[in-house]
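Contents: one structure, followed by commentary.
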Amino acid sequence: MGLTEAKEPMDELRRPTFFLDFDQPEVADFAEETTKAASSPRERAVALFYAVRDGIRYDPYSISASREDYRASAVLRATSAYCIPKAVLLAASTRAVGIPTRLGFADVRNHLASEKLLARQGTDLFIYHGYVEMWLERRWVKATPAFNVELCQRFGVRALEFDGEHDALFHEYSVDGRRHMEYVAVRGVYDDLPFEEIMVAFADVYGAAVPSSPTRERDELFDGGSAEGT
């Protein structure tokens, strides 16, 4: 899943969508304020990555079956989310500052998932892990803003760093050498969030673990020192 050379992307990847709704003032303002000191697309992408990574706390229990909860404007108001909504916010924000961006998805196996989350999900396979692909310096660069730095520091998971030149994807091993994330399959890239496709797949794999509205178990993002979910 390394850097990919490609043709110049279409204008559609710079436009707002239902989910990447940077035509909403709060998203546009967030992007503008975050990048006001940046002087290049790469610097703007880096600033936005860290703002989403650390400004929106990672919450693996916030899965929702409501379309509205996945709009970038809703994610920004929520202040905590799991990997897919965080990727949506990053994608919307980078488009807001003129960077062509698309959403990518992959299935990952979390070898450090807690017993609590495994019991809830029924598997250590987390499907449709969300990340973004940004068009920077004539190539696609991948980044996942899922785990905020405080969470990583507390539980021995290396925080992802992004320089706008190299992919920032999940680490294979934790700080102490334990197997962490394994990329199992690539689901593809999309101009907008494939919400219905994801919900159908979630229902098939996780069943009742996907609620009709968000559940917030904010006090237990990790259990026993293991990183949970995506």
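The values are calculated or read from the model by the stated rules, or taken from the named source; none is laboratory data. Predicted, not measured: the structure shown is a model, and the values here were computed from it. All Cβ positions, glycine included, derive from the backbone under ideal geometry; neighbour counts span all protein chains shown.
Computed values, structure above
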item: Segment 85-136: number of residues that are assigned to a helix (DSSP H, G or I), of a type in the set (A, V, I, L, M, F, W, C) and either farther than 18 Å from residue 55 by Cβ or modelled with pLDDT under 95 (or both); result: 3
item: Single condition residue 139 does not satisfy, out of (1) surrounded by fewer than 18 Cβ atoms within 10 Å (Cβ to Cβ); (2) at pLDDT 90 or above; (3) over 16 Å from the mean Cα position of the chain (by Cα); (4) within 23 Å of residue 21 (Cβ to Cβ); result: (4)
item: Members of segment 16-72 found to be under 13 Å from residue 99 (Cα atoms), aromatic (Phe, Trp, Tyr) and either in contact with a His (Cβ under 7 Å, 6 or more places away or on another chain) or not in a helix (DSSP H, G or I) (or both), listed by number; result: 22
item: Residues (of a type outside the set (D, E, K, R) and under 14 Å from the mean Cα position of the chain (by Cα)) located in segment 150-171; result: 159, 160, 162, 168, 169, 170
